[in-house]
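Asker: After the structure tokens below, expect a handful of questions from me.
The values are calculated or read from the model by the stated rules, or taken from the named source; none is laboratory data. What you are looking at is a predicted structure, and each value in this text was computed from that prediction instead of being measured. As a convention, Cβ positions derive from the backbone with ideal geometry for all residues, glycine included, and neighbour counts pool all protein chains shown. These accessible areas exclude ligands, DNA and RNA; they are computed on the full protein's heavy atoms, side chains included. Shrake-Rupley method; radii C 1.70, N 1.55, O 1.52, S 1.80 Å.
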Amino acid sequence: MSEMLSSNPLVWQSEKSQNRMGHRQESGIRSVQIAGSDPEQMAAAAQYNVEIGADIIDINMGCPAKKVNKKLAGSALLQYPELVEQIIQAVVKAVSVPVTLKIRTGWDPEHRNGVQIARLAEDNGIQALAVHGRTKACMYKGEAEYDTIAAIKQQVTIPVIANGDITSPEKAQFVLDYTGADAIMIGRAAQGRPWIFREVAHYLATGEKLAAPAIAEVQQIMLEHVQGLHQLYGSYAGARIARKHVGWYLAEHDAAGLFRSEFNGIEQAQQQLDALNDYFHKLAAT
């Protein structure tokens, strides 16, 4: 699944967009998520991304960020079902690969129109629907609600993917049972904890919890991740992007944030790797 890509062709040549648009070197099935509010632009963006390797096109109508919503993209579109329908029709018509959709439950708690949007999506060729259990107005505050997702699942026959506050194997099982959803989607809970996916899969298959990864494995995973960031973004930008990821990985071990403060002052990529190795060496000794 790619990072969200703008449908505006004027930004496609930027370094950030180019990094996100290298689909062919990715392994497995490549799903590319596009965002925008103009049906023709969205159709053209879908076609372009299929040409450069996308196997699935996913339409973003779930992002609540201000910089996205002020352009009438993301979850802002949920206010305008007619425009939603026009975008879906244009994108589905433009490509031969499956088109999926990500939404929220509505614009605000008083206007939860997720069921209406889901029906509209199915009627116009959407192949699967992911639903985050909050409205746009809720952003990421409070707790996700799953009643709307359950109602959507009752009203459509396409696969429904439940999303929002799935932070543990037990919560994954609860959400699947409560909503009847065909799958779950995990986002923020995987930040600094990529092994959550194997934990959830194991629990759903066996009912048993996996042991937490050993410190040595956490070290190996994090170092590979940070090195990958350096390689993808270059040593300068990669080192800066790595800071937030390291903070997530070490939230449990570095609760006071002492190492994170030190790490955030490191400018060089190799120095970051050296500092991490030294940190884990000391952590293992204790």
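Asker: If I fit a long axis through the Cα atoms of helix 169-179 and take the longest principal axis of the Cα atoms of the chain, what angle between them do I get, 0 to 90°, rounded to 10?
Answerer: 10 degrees
Asker: On C-alpha positions alone, give me the angle between the axis of helix 196-206 and the longest principal axis of the chain, in degrees, nearest 10.
Answerer: Once rounded, the angle reads 70 degrees.
Asker: Let me ask something else. In straight Cα distance, which lysines are under 28 Å from residue 136, not counting same-chain residues fewer than 8 positions off?
Answerer: Reachable lysines: 16, 66, 67, 70, 71, 93, 102, 153, 171, 244.
Asker: How much net charge surrounds residue 76 when only the other residues with a Cβ under 9 Å from the Cβ of residue 76 are counted, with Lys and Arg +1 and Asp and Glu -1? Could the numbers behind the result be given before it?
Answerer: Numbers: positive: 70, 71, 136; negative: none.
Computed value for this residue: +3.
Asker: A follow-up question, please. How much accessible surface area, in Å² rounded to 10, belongs to the heavy atoms of residue 96 with a 1.4 Å probe?
Answerer: Its accessible surface works out to 120 Å², give or take rounding.
Asker: In whole Å, what three semi-axes, largest first, describe the equivalent ellipsoid of the range 105-162 built from its Cα gyration tensor (square root of 5 times each eigenvalue)?
Answerer: The answer is 20, 11, 9 Å, longest axis first.
Asker: Counting only Cα, what are the radius of gyration and maximum Cα-Cα distance Dmax of the range 166-286, in Å?
Answerer: Rg and Dmax of the range 166-286, Cα atoms, are 16.5, 48 Å.
Asker: Can you report the principal axis dimensions of the range 224-284 using only the alpha carbons, biggest first, rounded to whole angstrom?
Answerer: Answer, in whole Å and largest first: 29, 19, 18 Å.
Asker: Also, I was wondering about something else. Please express the shape of the chain as an equivalent ellipsoid: the semi-axes are the square roots of 5 times the eigenvalues of the C-alpha gyration tensor, given largest first in whole angstrom. Please list the in-between numbers first.
Answerer: Working: eigenvalues 238, 118, 57 Å².
Largest first, the chain gives 35, 24, 17 Å.
Asker: For the Cα atoms of the chain, what angle does the longest principal axis make with the long axis of helix 114-123, in degrees from 0 to 90, nearest 10?
Answerer: On a 0 to 90 degree scale, this one is about 70.
Asker: Where Lys and Arg each count +1 and Asp and Glu each count -1, what net charge lies around residue 268 among other residues with Cβ under 14 Å from its Cβ?
Answerer: Working: positive: 240, 243; negative: 262, 267, 274.
Taking every other residue near residue 268 into account, the sum is -1.
Asker: Using only the heavy atoms of the protein chains and a 1.4 Å probe, how would 177, 278 rank by accessible area, largest first?
Answerer: Details: 177 110, 278 70 Å².
Sorted descending by solvent-accessible area, the residues read 177, 278.
Asker: Then there's this: Once both labels are modelled 7 Å past Cα along the beta-carbon direction, what's the residue 111-residue 85 spacing in nm?
Answerer: Modelled inter-label distance: 1.7 nm.
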